[in-house]
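Below: the structure, in C-alpha cells.
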Amino acid sequence: MRQLQSLDVWRTAHDLCEAAYRLTDAPALNRHFALVDQMRRAALSIPANIAEGYALGTTTQFVRYLRISLGSAAELGSHLEVLRRLKLIEDGPVSAAITLCSRVIAMLVGLLRKLGRRSTSRFPFPVSRFSVKSEPEEPS
C-alpha cells in the first residue's frame, strides 16, 4: 500500500473527497438529501476504486478500476455544477471543488493514457462481446 500512497492521483482524489464531504455538511443542503448522498457516494468511489484496482495487481484490472474512478469523478463534477447553478452554497468553495475535480479527471485520463500505451490490447477488458476489426496498416 505504500506505493499506492505515492500516487498523486490517489492523494488528490482523497483531497477531492474531503472537499466534497465538507461542502455537503453545509446546512443549506439539509433539504437536498438525494444530492448530498449522490455526491458523497461519487466522491468516496474515486479514491476507493483507484485503491481497489491497484491492489488487484494487474494492469488490466487497474485500468478497469481507473475508468470506474473516472466515471465517478465525472459524476461528482456534474453534481458540483448543479450546486453552482442553483447557488445552494457559496460560489468560492464550489468553484474550488470543481477545479479540484477537473484536476483529478485530468490526472486519471493521463494515467489511463500512460497505461494504455503499455498495453497491447485495445480494450481494458480481457473479453469483449463485440468483434474487433483490425485497422489497416499505413503504407511505409
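The table that follows gives values for the structure above.
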quantity: Near pairs, Cβ below 7 angstrom, 6+ apart or cross-chain, from region 35-58 (free of Cβ contacts under 8 Å to residues at least 24 places away in the same chain) to any residue that is surrounded by fewer than 16 Cβ atoms within 10 Å (Cβ to Cβ) and of a type outside the set (S, T, N, Q); calculated: R40/Y21
quantity: Residue check, L4 without any contact (Cβ under 8 Å) to a residue 60 or more places away in the chain and surrounded by 15 or more Cβ atoms within 10 Å (Cβ to Cβ); calculated: no
quantity: Test: I68 is within 16 Å of I105 (Cα to Cα), β-branched (V, I, T), part of a helix (DSSP H, G or I) and in contact (Cβ under 8 Å) with a residue 24 or more places away in the chain; calculated: no
quantity: Top-ranked residue of region 92-123 - restricted to ones that are of a type in the set (K, R) and assigned to a helix (DSSP H, G or I), ranked as modelled with the highest pLDDT; calculated: R103
quantity: Residue within region 48-64 that is surrounded by 19 or more Cβ atoms within 10 Å (Cβ to Cβ), among the β-branched types (V, I, T), under 13 Å from A20 (Cα atoms) and modelled with pLDDT of 95 or more present; calculated: no
quantity: Selection within region 36-47 - farther than 15 Å from C101 by Cβ and surrounded by fewer than 17 Cβ atoms within 10 Å (Cβ to Cβ); calculated: D37
quantity: Condition check for T24: of a type in the set (S, T, N, Q), more than 10 Å from the chain's Cα centre (by Cα) and within 21 Å of L111 (Cβ to Cβ); calculated: no
quantity: Positions within region 20-34 being in contact (Cβ under 8 Å) with a residue 60 or more places away in the chain, surrounded by fewer than 19 Cβ atoms within 10 Å (Cβ to Cβ) and hydrophobic (A, V, I, L, M, F, W, C), in sequence order; calculated: A26, A28, L29
quantity: Filter result (modelled with pLDDT of 95 or more and either among the small types (G, A, S) or touching a strand residue (DSSP E or B) at 6+ places or on another chain (Cβ under 9 Å) (or both)) within region 1-33; calculated: A13, A19, A20
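The values are calculated or read from the model by the stated rules, or taken from the named source; none is laboratory data. Predicted model only: the values in this text are computed from it and were never measured. Here the Cβ is made from the backbone with ideal geometry for all residues, glycine too, and neighbour counts use every protein chain on show.
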